[in-house]
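Visitor: Right, I'll just put the structure down here and ask away after.
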Amino acid sequence: CERLERTQGLCHCGGLRGLAMLGRVPIAPQPGAHRAVHTDALIQALVRPAVQQGHRQVKHGSGVHSEQRSCKSSVRCKARQVSCKAAHSRSAELENTGSTAIAVGDEVQQLSIVDDPHSQWWEWDHPCKPRVHFWRMGEDNAGPPVLLLHGFGVGCFHFEDCMHNLAQQGHRVWAMDFIGQGRSWPREPHGLAYSVDLWTEQVKHFVEENIGEAVFVVGNSLGGFVAASFAALHPRMSRGIVLANATPWWAFTPAVKGMAGAAEQVAEAAAAAADVVTASEPQYSSANNADFRSRSEAVSAAGTGSVASSSGGGGSSDGGSRSDGSGAEGNSALDTAQQGGWLWGGTTPAPGYIRSALGGLWQRLRSNATIQTTLRQVYAREDLVDDRLADRILEAAAHPLAFDAFLSILFAPKSAAGGLDDMLLRYREHGGRVLLVYGREDPWVRSIWGQRIVRVIPEATYLQLSPSGHCPHAEAPALFARSVAAWVAQLEGGAAPLLPLGGSLQEGGVTLKRVDDSPSNALEYVVWAVYTVTTSAKRAFNRLLGQLEGRQELN
């Protein structure tokens, strides 16, 4: 029974896997910690397995009862089904709660997590019924809205100092946790793929329902990739995007079959709707929210209709179109992702062989020591890495759905909008505006990737912060926010650029410099040469192909 608990998880339908592992160790609550349900209460209510006595205590409603079971019972035995039902009946209390402690193997790590005073919640009307966590700062009558999108494994908290600085510079600022990260979690995760397409749709609906007008989107790492996807598919909802060490690719599983032309159809539908708020129409009053949503929904209906028709439809909660009970069709990204995948499409729950193969890796990754070691590799300023930062990252890893979310992210299909270059080129066709603010010392997303984006979009402004690594918004928040605010003022109000090309300034020991795509070392020269040769070859091939097609038409 103990082995089954550890390898198969508590709930066979994917609801609350991994809680049995927590249930093996007693965890006491930490005074003054996170306001939500503590891990010990969670264990008492759901999963404390009394294997020695051969029974399980399950809290169901207000009472506690025991279910006898045999050690030879199957994973889907009666006791397991009862505990599954009880777990789901308590999901409203347990979702988004985080934890004050986390069990890694036989070791219990206490987390020093306190309440976030800026926390707000958004109930997204989506088939997976998520409760989305977000922050908001700035005065209601302040200037252009800015939405911040975090990187993999973190959340709103990673933008805390940056948000304060942007709000002080006269902006309304939002930050949002992606579903399956931070404190945003679904109530009905079965069949959900935690993919770029899901997060892109989450951003779209968040902008419509909470901001109500076109927005500047700032994204770090994964957040930068999602920002580019959002801008490519919904260019009229984006005033401009700021990429902060954006990951140049995401996901390795091929895109879902049937979705290949969906992104193009959505983009065309958005471009064709002339009455949608455009990136050049400043509307700062919250009184416009309902009007923005009504006009934006017209575009969404055209776009999602095209996506749905290309996906082939369906009618069950495990496959095609899903309904939330109001007659609304399900998310095409959620539904069609279940049909694709060369190995596993990334839809939860994860198969047993995937869980068994990667369970050890998951345990090693979700430890305070591993997280701090990784952060010190990518932060240029190691003094910013401490227990508090690691604990806030570990809070999400302690969530009951975290393991399945992690596996889904690893195997979810690629974005229907294509790669980063494809998305930026599509956004450029619609007059998209791009700012790059990159940490110079990032060991993962090196300067060559920023230079590549400038070659794809020559109009882009490219700023480098040094010393700064993969997270410039967290390592140099004041200078990062100043760069974003100055760029927005330049676009919206005609202000002068913060820096001329080649210019630089210093603040707090950090240097900000405006650069172009010119290589500065041997590696960058090699990459530049390869890019130049391959680009020239593609152009020559396309010209030749065009000539051949022209001759065929004449014949």
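The values are calculated or read from the model by the stated rules, or taken from the named source; none is laboratory data. Computed from a predicted model, the values in this text were never measured in an experiment. Note that we place each Cβ from the backbone using ideal geometry, even for glycine, and neighbour counts take in every protein chain shown. Calculation scope for accessible area: heavy atoms of the full protein, side chains included, ligands and nucleic acids excluded. Shrake-Rupley method; radii C 1.70, N 1.55, O 1.52, S 1.80 Å.
Visitor: Residue pairs, Cβ under 7 Å, 6 or more apart or interchain, first in segment 383-396 and farther than 15 Å from E160 by Cα, second among the small types (G, A, S) and assigned to a helix (DSSP H, G or I). List them.
Guide: A396/A402
Visitor: Also, I was wondering about something else. Please determine whether any residue of segment 373-380 is open to solvent by less than 30 Å² (accessible area, probe 1.4 Å), part of a helix (DSSP H, G or I) and at pLDDT 95 or above. Explain how you work it out, then say what you get.
Guide: Initially, segment 373-380 is screened for residues open to solvent by less than 30 Å² (accessible area, probe 1.4 Å), giving 375, 378-379.
Now drop any that are not part of a helix (DSSP H, G or I), which leaves 375, 378.
From what's left, at pLDDT 95 or above: 375, 378.
Yes, that holds for at least one residue.
Visitor: Looking only at segment 503-542, count every residue that is over 24 Å from R381 (Cβ atoms) and exposed (fewer than 10 other Cβ atoms within 10 Å of the Cβ) and tell me the total.
Guide: So the answer is 1.
Visitor: Now, a different point. With the requirement that a residue be of a type in the set (S, T, N, Q) and in contact (Cβ under 8 Å) with a residue 60 or more places away in the chain, what does segment 455-469 give you? Talk me through it step by step, then tell me what you get.
Guide: Within segment 455-469, the subset of a type in the set (S, T, N, Q) is 461, 464, 466, 468.
Once the filter is applied, which keeps residues that are of a type in the set (S, T, N, Q) and in contact (Cβ under 8 Å) with a residue 60 or more places away in the chain, segment 455-469 yields S466, S468.
Visitor: While we're on this one: Give me the residue from segment 190-203 that is open to solvent by less than 10 Å² (accessible area, probe 1.4 Å) and not β-branched (V, I, T) and, out of that set, farthest from the chain's Cα centre (by Cα). Show your work before the answer.
Guide: Let us first name the residues in segment 190-203 that are open to solvent by less than 10 Å² (accessible area, probe 1.4 Å), namely 191-196, 198-200, 202-203.
Adding the requirement that they be not β-branched (V, I, T) leaves 191-195, 198-199, 202.
Working: G191: 18, L192: 14, A193: 12, Y194: 8, S195: 8, L198: 9, W199: 5, Q202: 9 Å.
Applying the filter and picking the extreme gives G191.
Visitor: Identify, by number, the condition in (1) out of contact with any helix residue (DSSP H, G or I) (no Cβ under 9 Å at 6 or more places or on another chain); (2) open to solvent by less than 20 Å² (accessible area, probe 1.4 Å) that P117 doesn't meet.
Guide: The number of the failed condition is (2).
Visitor: Just to be sure I understand, how many residues within segment 120-131 are open to solvent by less than 20 Å² (accessible area, probe 1.4 Å) and either out of contact with any Phe, Trp or Tyr (no Cβ under 7 Å at 6 or more places or on another chain) or under 27 Å from V437 (Cα atoms) (or both)? Even if it seems obvious, please write down each step before you answer.
Guide: Step one: of segment 120-131, the residues open to solvent by less than 20 Å² (accessible area, probe 1.4 Å) are 122, 124, 126-128, 130.
Checking the rest, the ones that are also either out of contact with any Phe, Trp or Tyr (no Cβ under 7 Å at 6 or more places or on another chain) or under 27 Å from V437 (Cα atoms) (or both) come to 124, 126-128.
Residues flagged as open to solvent by less than 20 Å² (accessible area, probe 1.4 Å) and either out of contact with any Phe, Trp or Tyr (no Cβ under 7 Å at 6 or more places or on another chain) or under 27 Å from V437 (Cα atoms) (or both) within segment 120-131 amount to 4.
Visitor: Same structure again: Limited to segment 138-153, what total is found for residues that are touching a Lys or Arg at 6+ places or on another chain (Cβ under 8 Å) and open to solvent by 10 Å² or more (accessible area, probe 1.4 Å)?
Guide: Residues in segment 138-153 being touching a Lys or Arg at 6+ places or on another chain (Cβ under 8 Å) and open to solvent by 10 Å² or more (accessible area, probe 1.4 Å): 6 in total.
Visitor: Could you list all residues from segment 491-502 that are open to solvent by 60 Å² or more (accessible area, probe 1.4 Å) and closer than 26 Å to P467 by Cα? Give the derivation first.
Guide: Of the residues in segment 491-502, the ones open to solvent by 60 Å² or more (accessible area, probe 1.4 Å) are 493-494, 496-497, 500-501.
Matches in segment 491-502: A496, P497, P500, L501.
Visitor: Could you check, for segment 473-486, whether at least one of its residues is within 22 Å of R433 (Cα to Cα) and without any contact (Cβ under 8 Å) to a residue 24 or more places away in the chain?
Guide: Scanning segment 473-486, I find at least one residue that is within 22 Å of R433 (Cα to Cα) and without any contact (Cβ under 8 Å) to a residue 24 or more places away in the chain, so the answer is yes.
Visitor: OK, next. Report yes if some residue within segment 519-542 is among the basic types (K, R), in contact (Cβ under 8 Å) with a residue 24 or more places away in the chain and either in contact with a Pro (Cβ under 6 Å, 6 or more places away or on another chain) or part of a helix (DSSP H, G or I) (or both); otherwise report no. Give the derivation first.
Guide: Taking segment 519-542 as the starting set, the residues that turn out to be among the basic types (K, R) are 538-539.
Next, only the ones that are in contact (Cβ under 8 Å) with a residue 24 or more places away in the chain stay: none.
No - not one qualifying residue is present in segment 519-542.
Visitor: Tell me the residue from F216, F252 that is surrounded by fewer than 24 Cβ atoms within 10 Å (Cβ to Cβ) and touching a residue at least 40 places away in the same chain (Cβ under 8 Å), please. Talk me through it step by step, then tell me what you get.
Guide: On the way: F216 fails: surrounded by fewer than 24 Cβ atoms within 10 Å (Cβ to Cβ).
One residue alone meets the criteria, F252.
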